[in-house]
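Before any comments, here is the structure.
Each value in this text was obtained by applying a stated rule to the coordinates, not by laboratory testing. Just so we're clear, the structure is a prediction, and the values are computed from it rather than from any experiment. A quick note on method: Cβ atoms are made from the backbone with ideal geometry, for glycine too, and the neighbour counts reach across all protein chains shown.
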Amino acid sequence: MNPIIVVTLVVFAAAALVALVRIVLGPSILDRVVAADVVLTEVMCILGAEMVYNQHTRTLPVLLIIAAVGVFGSIAVARFVARRDNPQ
C-alpha cells in the first residue's frame, strides 16, 4: 500500500477518534453535534479519497446523502436547542 494513503488514513482515524471522544464526553449537546458533524465530514473525506485513489464516482450519491443528513441533523438540533433555551 502506498505510504501516502497510510498516512492519510492514520490522520483521518486520529481525527475521528478525537471526535468520538468529544461525542462521549461532551459537556453539552452542541459539543456532541459538532463532533458528530466532524465524524460525518471524516467519513465523507475518506470516501472522497477512496474515489480519487480508485478513480471512480460510484460513491458520489452516498456522499450527497451523508452531507444532507449532516446538514439536516444540525439544523434540527439547533432548532431544538433554540426552543429549549427560549420557551414561550
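What's the total number of residues in region 1-53 that are closer than 27 Å to F80 by Cβ and hydroxyl-bearing (S, T, Y)?
Count: 2.
Considering region 31-88 alone, what residues qualify as being of a type in the set (S, T, N, Q) and touching a helix residue (DSSP H, G or I) at 6+ places or on another chain (Cβ under 9 Å)?
Here is the first cut: in region 31-88, the ones of a type in the set (S, T, N, Q) are 41, 54-55, 57, 59, 74, 86, 88.
Selection gives T41, T57, T59, S74.
Could you run through region 51-88 and say how many residues are in a helix (DSSP H, G or I) and either surrounded by 14 or more Cβ atoms within 10 Å (Cβ to Cβ) or touching a residue at least 60 places away in the same chain (Cβ under 8 Å) (or both)?
Residues flagged as in a helix (DSSP H, G or I) and either surrounded by 14 or more Cβ atoms within 10 Å (Cβ to Cβ) or touching a residue at least 60 places away in the same chain (Cβ under 8 Å) (or both) within region 51-88 amount to 8.
Could you count how many residues in region 26-68 are of a type in the set (A, V, I, L, M, F, W, C) and more than 30 Å from M1 (Cβ to Cβ)?
Step one: list which residues in region 26-68 are of a type in the set (A, V, I, L, M, F, W, C), which gives 29-30, 33-36, 38-40, 43-47, 49, 51-52, 60, 62-68.
Okay, now just the ones that are also more than 30 Å from M1 (Cβ to Cβ), so 29-30, 33-34, 68.
Number of matching residues: 5.
Applying the selection to region 19-50, what residues are exposed (fewer than 11 other Cβ atoms within 10 Å of the Cβ) and either hydrophobic (A, V, I, L, M, F, W, C) or over 20 Å from A78 (Cβ atoms) (or both)? Steps first, answer last, please.
Taking region 19-50 first, the residues exposed (fewer than 11 other Cβ atoms within 10 Å of the Cβ) are 24-25, 27-28.
Once the filter is applied, which keeps residues that are exposed (fewer than 11 other Cβ atoms within 10 Å of the Cβ) and either hydrophobic (A, V, I, L, M, F, W, C) or over 20 Å from A78 (Cβ atoms) (or both), region 19-50 yields V24, L25.
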